[in-house]
Amino acid sequence: MKEQDLIWFRLPPPPVAVPSAPPAPARRTVTVEIDGAAVAVPQGATLLDACRAAGKDIPTLCYLETLTPVNACRVCVVEVEGARVLAPACSRTAESGMKVHTNSARVRTSRKVVLELLASSVDLSTAESLAPMLAEYGADPARFGADAATVAQPVKDDNDLYVRDYSKCVLCYKCVEACGTDAQHTFAIAVAGRGFHAHISTELDVPLPESACVYCGNCIAVCPTGALMAKPEFTLRQAGQWAPERQTVTDTICPYCGVGCTLTAHVQDERIVKVTSPLENGVTQGNLCVKGRFGFEYANVPDKARG
Amino acid sequence: MDLHVIGPDATADERAAVDALLGEPDSGWEGGARDAARDSRTSRGGRPAAVARRHLLLPAFHAVQDRVGWVSRGAMNYICQRLIVPPAEAWGVLTFYHLFATAPRARTVAHVCDDVACRALGGEALCRDLETALGPAGTPATNRDATWQRSPCLGQCDRAPAALVVRAGAPSTRAVVAPAASAAAVVAALPSTDAGVLGETLTELRDAVPQAGTDGIPLLARVGTVDPTSVEAYRAAGGFRALERAIVLGPAGVIAEVKAAKLQGRGGAAFPTGAKWEAVAGEAALPHYVVCNADESEPGTFKDRVLMTGDPFAIVEAMTICGIATRSERGFLYVRGEYPDAEARIAHAAAAARAAGWLGVDIAGSGHTFDLEVRRGAGAYICGEETALFNSLEGKRGEPRSKPPFPSQVGVFGKPTVVNNVETLANVLPILTSGAAAWAAAGTPQSTGTRLFCLSGHVTRPGLYEWPFGLTLGEAIARAGGVAGGRALQAVLLGGAAGVFVGPESLDVRLTMEDTRAAGLTLGSGVIVVFDDTADLPDLLGRIAEFFEHESCGQCVPCRVGTVRQRELLAQLRTGDAHARGDRLAVLTELGQAMRDASICGLGQTASSAVESAIARLHLFRAGSVS
Ligand SMILES: Cc1cc2nc3c(=O)[nH]c(=O)nc-3n(C[C@H](O)[C@H](O)[C@H](O)COP(=O)(O)O)c2cc1C
Ligand code: SF4
Ligand code: SF4
Ligand code: SF4
Ligand code: FES
Ligand code: FES
């Protein structure tokens, strides 16, 4: 039998000419001055983009590449010459001729106070990105006194998959955005209450199993403080056994369906302890569904037990 | 959107309240009875429908609360189905507004003001008496279906102390008791509140406006002298002349007049009105909207209330002119929920103007179309901030948006919007009837025209005054009869809670935009609260700090947590020794700077203003001083 006969379908002929995209219109740029250095960025870029292009590191907390900026935390403020107040770098559009100072005394004071306000009212013990910022700005949260009001409250441990500890919540709105129009479109949670009493809540604060939540865990993925935490990590931390230094991370493809989401398995002591997905992954942008995010326990069952 | 509505159904009463607003549901998809033949073959809703109906969320909550006294989960669920709103989001909105109750409570509630002006005039004593009569705030009294609670400024400061009594039912009633001479007066109003009252009488209005009937007060000319419920009386008193002139001038001509008059916004920010109108008129995106900001919740402010109850047709006429000038066919007047009289008067005036052909399609045969709707706030000072107001109109939490983009480009429903204060709009009528030059002859070259001043506190004749810009603070107080009882002046709160405290040394400051700015002061919303030597200033500062903590939307960290820390630091300053004080003051100063610099909106940016001014100008808490 000839080899060709074995092929029961015919491969398409190779394309003669690869169609090319129409030439992109020349992208207009704007030039801004960041700490004295001119930098050109595409029109529509934010000051944060411009600062990063200029090699200036701006701290952020409520900002995430995959979410709509809410500019609520204000740790990213910069000084724009001629403006009455400071501007949030994460969301302010760069305009031609803007002169920006990223580290002036005004900027440093605001960032320091904002960090102190957070650290004096919220439990930041698992907010890994914040500790270096507090140190960098010399924040002294204790100066508001021992009786300073906090958001301390009991942990919400009402389902098998993840835990909500809003004593650790900085109200960055990221989870609400991930659950809503920026990713999941489930709208199980929203900000409720007002002022210092504003908090993340289901309707009437009902437990998650009584809410619209589908346990995709996309809120956990974006939470910068550990207020939202998958059960295995929460349990290990409580037992004092959470050990990132003993963990390896491996990318794989989710075994459940044909979408083919990239999973990052975090493995500690030969057990998967957490699953995430890379933010920059084109398929997931960090999002998964309940199966990909939580359905890994079978892999932790020893081979022997599987028979 | 896959609506996931769980839990109880609405009661018949709750449903009836919602249906009275929205009409009967069309299908089982919207919370109506399921009809398999009708509902199982079609699906309704979807994102476009959800977006289109969302703005009815607050009106729907009001409808239920008005009838039942609170909004239950069942009622919320039904509203969510009708308007295609996820329950968690609806809950977020419901809990943002302090006038909405989310737990069963007494049918009748007295909201009692304990804010700056009332505090100076026995507000606290009234609260104590109510505690004796009705029990602690918030608890239903045992022998009657009534309760009371504390409230920030109710906008009745000229008649302090004030209370607002609200009774749920069909129809519901809301009435103001001011001055609330005693707890007995408030209690007496609880069960007897009468339905359908159309607001203050001419006598009451004359009481609020000491200058009533005199010359040289273009804004207040009709208040207290012309029947505010009669379109004929308004017409006979010169009403709709400005609108007729606007129709002749056309949009460009009107804008040219307003610009020539150099009218500046009276809502606090003093932005040139003509430039604002021109920007909106020139926007290509359609439709354009007009929003009249009648949220007036700045403590000490009651001017817009008097204009709306005393001369409501003027506001309707001015909004119509604004609509014509800015190519807008639809307007909203957003009035605070604590102003039942103003709301009723404006709604009545709009209906009467519409019936007489001054509002709606083809206004006065001109071919122009403009109509307006009155929307009620629900207890949120922050909704006076223009972008928070837009969000509230859209059925969302009243959280300010980031600017830019500015309202003239992206306003309510994402469209170009002109938003003006009530008093700002009222000025457009005399500008058009007497001409920009004649109108601008009053005042100073930079602060043109007249200005309304809200005098309250320890002043002999509190009330709303209209003076050309340029009087000194001392003259203003003198014209209101001076400090009550001839006592010594201790301090004046200028511009409201977001304004500044000044002492007697500032009596020579001229009340113009430029002079106050130069002196580091502000006119704000025209507030002048006078305090004599008996006033407890540290206590007042504490109240102001509480106000901002209570009213912060909670969106940004400097304001959400900063307002709490400010209140705590003030308490520490009041109890701490002289040594500790210096350290506390340093923390307070740095906190103030960060709140001013890093907050999203004007609330956080000005929340430390009164406190800082009292420390700097009145030397409160000076290390070593006793107060
Ligand atoms: C916290 C806050 C509250 C405000 N409240 C009011 C208000 O009650 N009424 C008002 O007209 N403007 C209020 N403003 C100002 C508005 O944002 C806006 O500037 C004004 O409505 C514009 O109208 P104008 O140009 O006619 O003054 C407030 C601003 C802030 C920051
Ligand atoms: S797990 Fe998914 S559905 Fe549930 S709250 Fe988080 S984002 Fe929303
Ligand atoms: S729970 Fe996490 S993601 Fe959500 S608002 Fe709080 S800190 Fe942000
Ligand atoms: S400054 Fe205060 S009121 Fe304004 S957005 Fe921030 S938290 Fe809300
Ligand atoms: S990162 Fe910009 S405001 Fe939060
Ligand atoms: S009504 Fe009480 S302070 Fe204004």
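The values are calculated or read from the model by the stated rules, or taken from the named source; none is laboratory data. Computed from a prediction, not measured in an experiment: that's the story for all the values here. Here the Cβ is made from the backbone with ideal geometry for all residues, glycine too, and neighbour counts use every protein chain on show. Heavy atoms of the whole protein, side chains included, go into the accessibility calculation; ligands, DNA and RNA do not. Shrake-Rupley method; radii C 1.70, N 1.55, O 1.52, S 1.80 Å.
Residue count for segment B:1-51 satisfying the condition of being assigned to a loop (DSSP other than H, G, I, E, B) and either polar (S, T, N, Q) or more than 14 Å from chain A (Cβ to nearest Cβ) (or both): 18. Remark: A:Asp158 falls outside the filter, which requires a residue to be more than 13 Å from chain B (Cβ to nearest Cβ) and buried (at least 19 other Cβ atoms within 10 Å of the Cβ). Exactly one residue out of A:Val32, A:Val107 is within 12 Å of chain B (Cβ to nearest Cβ) and not in a loop (DSSP other than H, G, I, E, B): that is A:Val107. Quick one: which residue in B:Arg596, B:Arg574, B:Arg581, B:Arg567 is open to solvent by less than 40 Å² (accessible area, probe 1.4 Å), among the charged types (D, E, K, R) and assigned by TED's automatic domain parsing to the domain that holds B:Ala545? Matching residue, one of B:Arg596, B:Arg574, B:Arg581, B:Arg567: B:Arg581.
Residue-wise test of (1) open to solvent by 10 Å² or more (accessible area, probe 1.4 Å); (2) aliphatic (A, V, I, L, M); (3) within 16 Å of ligand 5 (Cβ to nearest atom); (4) within 29 Å of A:Ala148 (Cβ to Cβ).
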| residue | (1), (2), (3), (4) |
| --- | --- |
| A:Val163 | no, yes, no, yes |
| A:Cys169 | yes, no, yes, yes |
| A:His185 | yes, no, no, no |
| A:Ile189 | yes, yes, no, yes |
| A:Ala192 | no, yes, no, yes |
| A:His199 | yes, no, no, yes |
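What about B:Cys118, is it open to solvent by less than 10 Å² (accessible area, probe 1.4 Å), more than 16 Å from ligand 2 (Cβ to nearest atom), under 30 Å from B:Leu489 (Cα atoms) and without any contact (Cβ under 8 Å) to a residue 24 or more places away in the chain? Don't jump to the end; show me each part of the working.
On the way: open to solvent by less than 10 Å² (accessible area, probe 1.4 Å): yes; more than 16 Å from ligand 2 (Cβ to nearest atom): yes; under 30 Å from B:Leu489 (Cα atoms): yes; without any contact (Cβ under 8 Å) to a residue 24 or more places away in the chain: no.
In short, no.
Any residue in segment A:232-243 that is at positive phi, away from ligand 5 (no atom under 16 Å from the Cβ) and within 13 Å of the chain's Cα centre (by Cα)? Looking for residues that are at positive phi, away from ligand 5 (no atom under 16 Å from the Cβ) and within 13 Å of the chain's Cα centre (by Cα), one finds none in segment A:232-243, hence no. Specify the residue that is nearest to ligand 4 (Cβ to nearest atom); the eligible residues are those in segment A:88-102 that are surrounded by 14 or more Cβ atoms within 10 Å (Cβ to Cβ) and assigned to a loop (DSSP other than H, G, I, E, B). Of everything passing the filter in segment A:88-102, A:Ser91 is nearest to ligand 4 (Cβ to nearest atom). Just so you know, in segment A:201-230 the residues that are touching a Phe, Trp or Tyr at 6+ places or on another chain (Cβ under 9 Å) and open to solvent by 50 Å² or more (accessible area, probe 1.4 Å) include one that is farthest from ligand 4 (Cβ to nearest atom), and it is A:Leu204. Do we find a residue being away from ligand 2 (no atom under 16 Å from the Cβ), assigned to a loop (DSSP other than H, G, I, E, B) and under 14 Å from A:Cys223 (Cα atoms) anywhere in segment A:152-168? Within segment A:152-168, not a single residue is away from ligand 2 (no atom under 16 Å from the Cβ), assigned to a loop (DSSP other than H, G, I, E, B) and under 14 Å from A:Cys223 (Cα atoms).
If I filter segment B:545-557 for residues that are facing chain A (nearest Cβ under 7 Å), more than 14 Å from ligand 1 (Cβ to nearest atom) and modelled with pLDDT of 95 or more, do I get at least one hit? Yes - at least one qualifying residue is present in segment B:545-557.
Restricting attention to segment A:250-280, the residues that are loosely packed, with under 12 Cβ neighbours inside 10 Å and within 24 Å of A:Ser125 (Cβ to Cβ) total 1.
Scanning segment B:250-291 for residues that are crowded, with 22+ Cβ neighbours inside 10 Å and closer than 24 Å to B:Phe547 by Cβ yields B:Arg266, B:Gly267, B:Gly268.
For segment A:35-74, a residue qualifies if it is within 14 Å of chain B (Cβ to nearest Cβ), on the phi < 0 side of the Ramachandran plot, open to solvent by 10 Å² or more (accessible area, probe 1.4 Å) and more than 16 Å from ligand 4 (Cβ to nearest atom), and the qualifying residues are A:Thr46, A:Pro59, A:Thr60, A:Tyr63, A:Thr68.
The residues of segment B:447-466 that are within 15 Å of B:Ala208 (Cα to Cα) and not in a loop (DSSP other than H, G, I, E, B), listed by number, are B:Leu452, B:Phe453, B:Cys454, B:Leu455, B:Ser456, B:Gly457, B:Val459, B:Gly463, B:Leu464, B:Tyr465, B:Glu466.
Could you tell me whether B:Asp215 is without any contact (Cβ under 8 Å) to a residue 12 or more places away in the chain and either within 16 Å of ligand 5 (Cβ to nearest atom) or surrounded by fewer than 17 Cβ atoms within 10 Å (Cβ to Cβ) (or both)? Yes, satisfied. Restricting segment B:522-538 to residues that are surrounded by fewer than 19 Cβ atoms within 10 Å (Cβ to Cβ) and closer than 16 Å to B:Ser609 by Cα, the residue that is nearest to ligand 2 (Cβ to nearest atom) is B:Pro538. Can you tell me which residue within segment B:52-110, out of those that are without any contact (Cβ under 8 Å) to a residue 60 or more places away in the chain, under 21 Å from B:Glu373 (Cα atoms) and buried (at least 21 other Cβ atoms within 10 Å of the Cβ), is farthest from the other protein chains (Cβ to nearest Cβ)? Among them, the one singled out is B:Ala63. Scanning segment B:564-575 for residues that are within 7 Å of chain A (Cβ to nearest Cβ) and out of contact with any Leu (no Cβ under 7 Å at 6 or more places or on another chain), which turns out modelled with the lowest pLDDT? Checked segment B:564-575; the qualifying residue modelled with the lowest pLDDT is B:Gln572.
State all residues of segment B:124-133 that are touching a strand residue (DSSP E or B) at 6+ places or on another chain (Cβ under 7 Å) and surrounded by fewer than 24 Cβ atoms within 10 Å (Cβ to Cβ); if no residue qualifies, say none.
Restricting attention to segment B:124-133, the residues satisfying the condition of being touching a strand residue (DSSP E or B) at 6+ places or on another chain (Cβ under 7 Å) are B:126-127, B:130.
Across segment B:124-133, the qualifying residue is only B:Cys127.
Taking segment A:188-210, which residues are part of a loop (DSSP other than H, G, I, E, B), out of contact with any helix residue (DSSP H, G or I) (no Cβ under 6 Å at 6 or more places or on another chain) and within 7 Å of chain B (Cβ to nearest Cβ)? Give the derivation first.
Going through segment A:188-210, the residues part of a loop (DSSP other than H, G, I, E, B) turn out to be A:188-189, A:193-194, A:198, A:202, A:206-207.
Narrowing the set further to residues that are out of contact with any helix residue (DSSP H, G or I) (no Cβ under 6 Å at 6 or more places or on another chain) leaves A:193-194, A:198, A:206-207.
Hits for segment A:188-210 are A:Gly193, A:Arg194, A:Ala198.
Highlighted here are the helices (runs of 4 or more DSSP H) found entirely within segment B:293-404 that include at least 2 residues which are open to solvent by 30 Å² or more (accessible area, probe 1.4 Å) and at pLDDT 95 or above: B:340-355.
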